[in-house]
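**Q** This is the structure I have questions about; it appears just below.
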Amino acid sequence: YELLVDKLFLQDVRLTAGNNEAYFVFEDLMVQLLLCFSRDTRLLEHFQQTTALPPRAYLRGNVGEAEKTVIYPPNGIIPFHGFSFYLAPLCFIWSEPVTVYLVFKELYTRFFFRLHCLSSHPQGILSLCLQFETLLQTYQPQLFYHLREMGSHPLKHAFNWIMHAFAGYLETSQLLLLWDRIIGYNSLEILPVLSVAIFAFRRNNLMEITNPSEAEAVLADVSSLKVIPLLQYCLYARILHPV
């Protein structure tokens, strides 16, 4: 059977991951797995971990009757632009669709759902954004205030990195290394840390910008960065040092 969200998933795959040079070969697989995802009612269990509630819709002909509502879509998750990037990198690792789907579902219900749900959870998107701003303002105050003075708020650039867990921004092998650390530490807090490391790494160029468009140009492409050396340099060589 068809659902309205099927078209949303299809459009998202075609416009984002399916339009990416690294992932376009997996377009058909991603579409099929996301259609299964939209119908998997076991995903409703993850709402027990958050204050968010699954969306509901009235049954046809019963608009206004609260008792005549159902959860829609069946998994309670409405896709957004770039959602398929959570799935695409996993297609490189396993050739068996069932394995790809099960790993994707586990990653989503353990980590990724928190990146687009508003909550006070320390791993939630609000807390991660606050962590990013606090780290950047504490350890790179001149850079932080220079960007603010130029009308280019740092979080505006880092938000999509964090929300998408850098999927679609980093080269696939580097992205998988990052996700491996998320799993290993069982924490999403490495996302704002990496975001701050990128700002610190490109500090010299950013300190020379005079308008927001120049800042966007400096930060537009991070696909060439190496995640592990950057994190190690950031955490152990004190690239995050007060200045």
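**Q** Is there a quick way to get the dipole size of the chain? I mean about its Cα centre, with the Cβ of Lys and Arg at +1 and of Asp and Glu at -1; what is the value in debye to the nearest 20?
**A** Values: 17 positive and 21 negative charges, 92 e Å.
The dipole magnitude comes to about 440 debye.
**Q** Can you tell me the equivalent ellipsoid semi-axes for region 67-108? Use √(5λ) from the Cα gyration tensor, largest first, whole Å.
**A** Those come to 26, 13, 7 Å.
**Q** If you don't mind, another one. Counting heavy atoms of the protein chains only and a 1.4 Å probe, report the per residue accessible area for region 150-239 as a whole number of Å². Show your work: numbers first, answer last.
**A** Working: 4130 Å² over 90 residues.
I get 46 Å² per residue for this part.
**Q** Over all directions, the average projected area of the alpha-carbon convex hull for region 136-243 comes to how many nm²?
**A** 6.3
**Q** What does the chain give for Rg and for Dmax, in Å, if only its C-alpha atoms count?
**A** 19.6, 64
**Q** Something else: Go ahead and collect, in residue order, the members of region 32-57 whose backbone nitrogen is under 15 Å from a label point 7 Å along the Cα-Cβ direction of SER119.
**A** Backbone N within reach: 43-55.
**Q** What spacing in nm lies between the two simple spin-label points modelled at ASN160 and ARG42, each 7 Å away from Cα in the Cβ direction?
**A** 3.4
**Q** Could you tell me which residue out of LEU135, PHE111, VAL193 lies farthest along the dipole of region 107-243 toward its positive end? Charges go on the beta carbon: Lys and Arg +1, Asp and Glu -1, centred on the Cα centre.
**A** Most positive-ward Cα: PHE111.
**Q** Can you give me the Cα centroid spacing of region 1-39 and region 133-155 in angstrom?
**A** Result: 37 Å between the Cα centres.
**Q** Take the solvent-accessible surface of the protein heavy atoms, probe 1.4 Å, and return the percent of it on the chain that carbon and sulfur atoms account for.
**A** On the way: 6950 of 12480 Å².
Looking at the chain in its full context, I get 56 percent from C and S.
**Q** Still on this structure, I have one more. Could you pull the Rg and Dmax for region 40-145, using just the Cα atoms, both in Å?
**A** Final numbers for Rg and Dmax: 18.3, 60 Å.
**Q** What Rg and what Dmax come out for region 91-178 when only alpha-carbon atoms are used, in angstroms?
**A** Radius of gyration, then largest Cα-Cα span, for region 91-178: 16.1, 51 Å.
**Q** I would also like to ask the following. Project the alpha carbons of region 144-197 onto their principal axes and report the range along each, largest first, in whole Å.
**A** Rounded to whole Å, the extents work out to 38, 20, 16 Å.
**Q** How much accessible surface area, in Å² rounded to 10, belongs to the heavy atoms of HIS153 with a 1.4 Å probe?
**A** 60
**Q** Can you pull the one-decimal nm distance between simple spin-label points at ARG14 and LEU59, each 7 Å off the Cα toward Cβ?
**A** Modelled inter-label distance: 3.4 nm.
**Q** Would you work out which of TYR169, PRO229, PRO212 lies farthest towards the positive end of the dipole of region 102-243? Charges go on Cβ: Lys and Arg +1, Asp and Glu -1.
**A** PRO229
The values are calculated or read from the model by the stated rules, or taken from the named source; none is laboratory data. Just so it is clear, the structure is predicted and the values come from calculations on it, not from any experiment. Using ideal geometry, Cβ is built from the backbone for each residue, glycine included, and neighbour counts are taken over all protein chains shown. Protein only, heavy atoms only, side chains kept; ligands, DNA and RNA dropped before computing areas. Shrake-Rupley method; radii C 1.70, N 1.55, O 1.52, S 1.80 Å.
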